[in-house]
1. Among 206, 246, 238, which is the only one that is surrounded by fewer than 13 Cβ atoms within 10 Å (Cβ to Cβ) and farther than 25 Å from residue 41 by Cβ?
2. Out of curiosity, is residue 68 closer than 13 Å to residue 27 by Cα and touching a strand residue (DSSP E or B) at 6+ places or on another chain (Cβ under 8 Å)?
3. Which of the residues that make up the range 28-51 are surrounded by 13 or more Cβ atoms within 10 Å (Cβ to Cβ), farther than 18 Å from residue 190 by Cβ and touching a strand residue (DSSP E or B) at 6+ places or on another chain (Cβ under 7 Å)?
4. Restricting to the range 108-151, count the residues that are over 30 Å from residue 23 (Cα atoms) and either outside the structural domain of residue 168 (by TED's automatic domain parsing) or without any contact (Cβ under 8 Å) to a residue 40 or more places away in the chain (or both).
5. If you take just the helices (runs of 4 or more DSSP H) that sit entirely in the range 170-268, which of them hold at least 2 residues that are without any contact (Cβ under 8 Å) to a residue 60 or more places away in the chain, closer than 30 Å to residue 56 by Cβ and out of contact with any strand residue (DSSP E or B) (no Cβ under 7 Å at 6 or more places or on another chain)?
6. Do we have any residue at all in the range 18-36 that's closer than 30 Å to residue 251 by Cα, outside the structural domain of residue 84 (by TED's automatic domain parsing) and part of a loop (DSSP other than H, G, I, E, B)?
7. When you scan the range 7-27, how many residues do you find that are surrounded by 17 or more Cβ atoms within 10 Å (Cβ to Cβ) and modelled with pLDDT under 95?
């Protein structure tokens, strides 16, 4: 029930329900964002795991699908995400106020991206190297609201925030039954936006957050958001029950940090 918030006490015993090791077939392709938004439900539901990254100021997204496979392993292509990010940063810096040229050059770079199709053990598929520091906001919305919210986030970004160059990550998550889970009792579309850590992200995040909230989004507990207890209570049907459990486990608030106090509405 604590969803790893660290405010419900100390774990003294854990039972893990493991599954046998498995292989995944991973495929990557580049698609127009208009097509991705139009066919969102079909494409995201057709695979064991599916996500895509919208590249700001390009009109295109990279779609990534992973499915169980019994085939023999094949070579995983060399990962060049950091190099691609560096290219997007250079184009942002040089052409922030020339959007048409910026878009044209980004499209040229995207056109050179090869499609990928390989089979590997799961641990060689999921892990990615991330070196560039960034700040992130991620909201988890009702599945059907995802495309509409993303379209608004893209419009906001490309009209007002020319400094943004990090791709936007979009994924789907199955429902669960944990009271404080962002995925509690609903199929979810998660949208993550990112901002270079070298500059202040607050203006961008403050502008985007109302869009997420308007579509019923629940914030990722470990990423940037501005919500407090009164806001969160409206998003979680079992909020009061969870808070009652927390009080019963920790009546003296020994596990409550100042930040958690604001989240839970606990007076010092």
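The values are calculated or read from the model by the stated rules, or taken from the named source; none is laboratory data. All of these numbers come straight from a predicted model, not from anything done at the bench. In this analysis, Cβ positions are derived from the backbone assuming ideal geometry, glycine residues included, and neighbour counts consider all displayed protein chains.
1. Within the list 206, 246, 238, the selection yields 206.
2. So residue 68 fits the description; yes.
3. Passing the criteria: 28, 29, 30, 31.
4. Looking only at that region, the number is 2.
5. Qualifying helices (runs of 4 or more DSSP H): 202-214, 229-235.
6. No, because not a single residue in the range 18-36 is closer than 30 Å to residue 251 by Cα, outside the structural domain of residue 84 (by TED's automatic domain parsing) and part of a loop (DSSP other than H, G, I, E, B).
7. Here the count works out to 2.
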